[in-house]
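Participant: Next up is a structure, given as structure tokens.
The values are calculated or read from the model by the stated rules, or taken from the named source; none is laboratory data. Keep in mind that this is a model prediction, so the values were computed, not measured. Glycine also receives a Cβ, built like all others from the backbone with ideal geometry; neighbour counts cover every protein chain displayed. Surface areas here come from the heavy atoms of the whole protein model, side chains and all, with no ligands, DNA or RNA. Shrake-Rupley method; radii C 1.70, N 1.55, O 1.52, S 1.80 Å.
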Amino acid sequence: MKKIEITTTLSVYDTIEELPLEVKELMMKAIGARKNAYAPYSKFRVGAALQLENEKIVVGNNQENAVYPSGLCAERVAIYQAGALYPKEPIKMMAISASSDIFNVITPIPPCGACRQSMFEYEENLQRPIEIYFMGETGKVVKADSVKDLLPLTFGKATLNNI
């Protein structure tokens, strides 16, 4: 048996005010999208904003449904919208913000596994890493240089081509 160690390096900003201006503006778009989320069941709102290579901004927010598997996370709403509107345009960066109608979210909330997989697919298809910034409602902001920092063992085209 052999053990493999996987390490990830993330950057942490103490507040949104420490972000570079372009990133702060994108995070503000994510916060605006978060406020419009449809979350009547979980009361947990998430907003995402993408900046594409062509400087266009695409936003998304979580959309719940009484039949829980039918809902969709903010990150995938934004990514799928970007794919529909700008299918060949790489995503430069993504900002994500989460809040709750019940409590104050002060912990940075990363994307779920399904969103990470969708983000990886987009990164792989367009051959460009996506910078990901995520936060709660207030407090620290975490930056990953690529989806691979959040999903180090990926499942993609190469996996399926080896079958």
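Every residue, every condition in (1) touching a strand residue (DSSP E or B) at 6+ places or on another chain (Cβ under 6 Å); (2) of a type in the set (A, V, I, L, M); (3) surrounded by fewer than 17 Cβ atoms within 10 Å (Cβ to Cβ); (4) under 16 Å from PHE134 (Cα atoms), yes or no:
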| residue | (1), (2), (3), (4) |
| --- | --- |
| GLN81 | yes, no, yes, no |
| ALA98 | yes, yes, no, yes |
| ILE102 | no, yes, yes, no |
| GLY113 | no, no, yes, yes |
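Participant: Find all pairs meeting these conditions: Cβ atoms under 9 angstrom apart; at least six residues apart or on different chains; first residue within segment 141-156 and closer than 23 Å to LEU26 by Cα and among the β-branched types (Val, Ile, Thr); second residue modelled with pLDDT under 85 and open to solvent by 40 Å² or more (accessible area, probe 1.4 Å).
Facilitator: Short answer, once both residue conditions are applied: VAL147/THR154.
Participant: From the list GLU89, GLU64, GLU75, GLU55, which one is open to solvent by 80 Å² or more (accessible area, probe 1.4 Å) and of a type in the set (Asp, Glu)? Steps first, please.
Facilitator: Working: GLU89 fails: open to solvent by 80 Å² or more (accessible area, probe 1.4 Å); GLU64 fails: open to solvent by 80 Å² or more (accessible area, probe 1.4 Å); GLU75 fails: open to solvent by 80 Å² or more (accessible area, probe 1.4 Å).
Residue meeting the stated conditions: GLU55.
Participant: While we're on this one: Give VAL46, VAL23 a once-over and let me know the one that is touching a Cys at 6+ places or on another chain (Cβ under 8 Å) and not in a loop (DSSP other than H, G, I, E, B). Even if it seems obvious, please write down each step before you answer.
Facilitator: On the way: VAL23 fails: touching a Cys at 6+ places or on another chain (Cβ under 8 Å).
It is VAL46.
Participant: Let me ask something else about it. If I filter segment 13-36 for residues that are surrounded by 12 or more Cβ atoms within 10 Å (Cβ to Cβ), free of Cβ contacts under 8 Å to residues at least 24 places away in the same chain and touching an Asp or Glu at 6+ places or on another chain (Cβ under 8 Å), do I get at least one hit?
Facilitator: Looking through segment 13-36, at least one residue is surrounded by 12 or more Cβ atoms within 10 Å (Cβ to Cβ), free of Cβ contacts under 8 Å to residues at least 24 places away in the same chain and touching an Asp or Glu at 6+ places or on another chain (Cβ under 8 Å).
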